[in-house]
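Step one of this worksheet: look at the structure below.
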Amino acid sequence: MQTLLDFYAKHSRLIDQIGVNAILALSLSVSLQAGQLALAQAAFMGIAAYVSAILALNYHWPLLATIVAAVLVSTVVAALLAYPVRRLRGVFLAIATIGFGEIVRVIANNLKITGGAEGMSGIPNDATTPVIYGSLAVVAIALWLLSRTKFALAVALVREDEYAARGVGIDVGAIRTLSLALGGAIAGLGGALYAHASFFITPNDFGFARMEQILVWCVVGGVTSPVGAVIGSTALSILPEAIRFLADYREVSNGIILLVVILFAPGGLASLWKWRRGAPRDPVRVHA
Amino acid sequence: MLALEHVSVRYGGVDALKDVTLTVVPSHVVGLIGPNGAGKTTLVNATTGLAPLATGQISLDGARINSLPPHLIARTGIARTYQNIRLFGALDVRANLAAGAYARKTRLTNDEIAALLERAGIPGIDLDARAGALPYGDQRRLEIARALAASPKVLMLDEPAAGMNPSETSRLVETIRAIAASGIAVLLIEHDMPLVRAACDSVVVLNFGEVIARGTPSEVARDPVVVEAYLGSGAEALA
């Protein structure tokens with residue numbers, strides 16, 4: 001027991017980071033499962049982080065209230081973003097949403113209430129390990145329950161073939177909006193927890209580098225698998241600590257890992273357990 | 001009853017459909033034939049909301065549907081298959097059938113799934129198989145089963161026999177007749193004239209977006225305008 005406590009004392013920050021990163025990876029996974037390469041998760045995370053930080057610092061709201069408010073705001077922003085990008089697909093959607101992320105970052109950089117480029121410090125450090133992992137459990141259970149509904153079937157059908165999905169009675173626009181909003185809500189939760197676990201936030205915490213990081217977690221773990229997203233984010237959160245001697249080459253090592261996964265396990269780490277040489281590709285299962 | 005009244009569709013300056021009037025009643029199979037580019041698939045796309053009408057009206061059981069978006073038209077009871085198969089290829093057979101039944105309030109039971117596969121002529125198919133990995137003929141039939149899963153009032157089949165061998169085509173006739181006998185109105189687009197003759201109660205011929213003839217298969221086969229525009233020596237197969 002003492003050994004575990006010592007381990008936690010030494011690595012508590014990393015353990016908390018892993019939990020927050022898993023939530024962020026799940027948020028992108030929701031959009032990717034609907035076939036949307038919408039890369040605004042870092043922006044949703046940032047918006048929520050600032051909302052919760054401002055409410056906590058300026059208005060002394062308790063943690064739970066700041067989280068609820070932050071998630072609401074990020075959800076609404078994500079749902080609103082879904083409208084102008086509703087006709088965009090693939091790389092065009094990716095570019096538009098990255099652009100949105102940059103707009104959010106630039107605004108945060110220039111607003112007084114967000115502390116400008118210097119950011120905000122002194123955020124109450126009350127997102128403890130149980131709070132973070134409790135939140136992760138809530139998200140995981142919610143997504144698991146959702147995976148057993150018609151919504152999950154609709155998401156899979158929209159990802160596979162929007163045209164045919166319309167033909168069986170699916171409102172493709174509504175499904176895309178809902179999945180983006182759900183991703184925004186989860187990213188918002190991750191952002192609020194990030195702010196309350198970090199003490200200090202700046203606009204650059206929520207820029208393109210963060211978005212790229214979240215995308216790499218999902219690709220490495222498996223783009224259409226929530227379990228894969230968690231595996232990917234956990235593995236790549238631990239890895240820098242495990243190979244600290246390569247700290248100067250972190251980006252290079254991340255790139256190599258990404259290439260290896262894309263080349264040898266395009267389904268991500270989550271697909272490896274059932275990988276067999278020459279075996280036919282298994283169908284994607286949905287609870288039909 | 002599906003009714004198209006004076007329907008026109010324009011793509012830019014091209015009239016894909018010109019003043020087409022057509023009805024499909026329950027338990028009947030209407031064949032829609034014509035040369036490539038005649039507007040057959042455009043007519044199906046217009047009915048399912050994927051091609052906007054320039055003029056005219058489309059109604060189902062007296063209720064106008066052409067102002068509805070495609071997903072709501074599907075929910076009124078119009079199901080279709082596609083000229084190029086559009087199964088959800090990465091999903092299994094069961095999920096494809098569930099997709100067809102998406103608009104229903106309840107999930108398909110195992111008995112209903114078995115009945116659907118039986119009606120489509122693929123009983124005993126592996127429900128856990130990836131739809132995209134099935135043999136071509138089975139994919140065509142699975143697409144029909146998916147359409148039937150919606151319990152449609154109208155079923156539009158866009159070249160269902162394409163790529164099938166004569167034996168498969170012959171079994172397809174039985175499948176289509178059985179579907180119609182269950183009270184569904186069927187619109188069948190086909191180039192296979194023996195299939196059209198065997199399966200259809202009446203035939204409508206399109207050419208350059210216009211209806212140039214209509215009647216029973218044998219009446220259409222004798223129409224010199226149709227022979228000139230489309231059938232040629234194939235008229236014997238329809239007669």
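The values are calculated or read from the model by the stated rules, or taken from the named source; none is laboratory data. These figures come from a predicted structure and were not determined experimentally. Don't worry about glycine lacking a Cβ; one is built from the backbone with ideal geometry, like all the others, and counts go over all protein chains shown.
At a glance:
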| quantity | calculated |
| --- | --- |
| From the options A:VAL68, A:VAL30, residue that is of a type outside the set (D, E, K, R) and either touching a helix residue (DSSP H, G or I) at 6+ places or on another chain (Cβ under 6 Å) or within 22 Å of A:ALA270 (Cα to Cα) (or both) | A:VAL30 |
| Cross-chain or 6+ apart pairs with Cβ under 6 Å, segment B:1-29 first and closer than 15 Å to B:GLY77 by Cα, then of a type outside the set (Val, Ile, Thr) and assigned to a strand (DSSP E or B) | B:LEU2/B:LEU60; B:LEU2/B:ALA185; B:ALA3/B:SER59; B:VAL24/B:LEU2; B:VAL24/B:ALA185; B:VAL24/B:LEU187; B:VAL25/B:ALA185; B:PRO26/B:ALA185 |
| Lone unmet requirement of (1) of a type outside the set (S, T, N, Q); (2) away from chain A (no Cβ under 14 Å); (3) not in a helix (DSSP H, G or I) for B:LEU43 | (3) |
| Count - residues of segment A:40-66 that are within 16 Å of the chain's Cα centre (by Cα) and assigned to a helix (DSSP H, G or I) | 9 |
| Search result, residues across segment A:170-196 that are within 14 Å of chain B (Cβ to nearest Cβ), small (Gly, Ala, Ser) and either crowded, with 24+ Cβ neighbours inside 10 Å or in contact with a Pro (Cβ under 9 Å, 6 or more places away or on another chain) (or both) | A:GLY173 |
| Among residues of segment B:133-179, those that are of a type in the set (Asp, Glu) and either within 14 Å of the chain's Cα centre (by Cα) or outside any helix (DSSP H, G or I) (or both), counted | 3 |
| Candidates A:ALA70, A:ALA43, filtered to the one that is buried (at least 20 other Cβ atoms within 10 Å of the Cβ), in contact (Cβ under 8 Å) with a residue 24 or more places away in the chain, hydrophobic (A, V, I, L, M, F, W, C) and farther than 23 Å from A:ALA140 by Cβ | A:ALA43 |
| Residue identified as under 30 Å from A:ALA235 (Cβ atoms), touching a residue at least 24 places away in the same chain (Cβ under 8 Å) and touching a strand residue (DSSP E or B) at 6+ places or on another chain (Cβ under 6 Å) among A:ALA49, A:ALA38 | A:ALA49 |
| Which listed residue, of B:THR41, B:THR48, B:THR55, B:THR76, is over 22 Å from A:ALA174 (Cα atoms) and under 18 Å from the mean Cα position of the chain (by Cα) | B:THR41 |
| One residue from A:SER74, A:SER52, A:SER31, A:SER27 being among the polar types (S, T, N, Q) and touching a Phe, Trp or Tyr at 6+ places or on another chain (Cβ under 6 Å) | A:SER74 |
| Residue match in segment A:197-210 (condition: crowded, with 21+ Cβ neighbours inside 10 Å, within 14 Å of chain B (Cβ to nearest Cβ), modelled with pLDDT of 80 or more and closer than 23 Å to A:ALA82 by Cβ) | no |
| Residue match in segment A:245-264 (condition: assigned to a loop (DSSP other than H, G, I, E, B), under 24 Å from the mean Cα position of the chain (by Cα) and at pLDDT below 80) | no |
| Residue in segment A:140-155 that is surrounded by fewer than 22 Cβ atoms within 10 Å (Cβ to Cβ), farther than 20 Å from A:GLY207 by Cα, out of contact with any Asp or Glu (no Cβ under 6 Å at 6 or more places or on another chain) and within 10 Å of chain B (Cβ to nearest Cβ) present | yes |
| Test set (1) more than 9 Å from every other protein chain (Cβ to nearest Cβ); (2) under 17 Å from B:ALA79 (Cα atoms) - B:THR109 fails condition number | (2) |
| Boolean, B:ARG146 is at pLDDT 95 or above and not assigned by TED's automatic domain parsing to the domain that holds B:LEU17 | yes |
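Table: residues versus (1) over 17 Å from A:ASN204 (Cα atoms); (2) crowded, with 24+ Cβ neighbours inside 10 Å; (3) without any contact (Cβ under 8 Å) to a residue 12 or more places away in the chain.
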residue	(1), (2), (3)
A:LYS10	yes, no, yes
A:SER27	yes, yes, no
A:ALA53	no, yes, no
A:LEU63	yes, no, no
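Condition check ((1) free of Cβ contacts under 8 Å to residues at least 40 places away in the same chain; (2) of a type in the set (A, V, I, L, M, F, W, C)) across all residues:
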position	(1), (2)
B:ALA120	no, yes
B:LEU127	yes, yes
B:ALA131	no, yes
B:LEU134	no, yes
B:ALA147	no, yes
B:PRO152	no, no
B:GLY163	yes, no
B:CYS200	no, yes
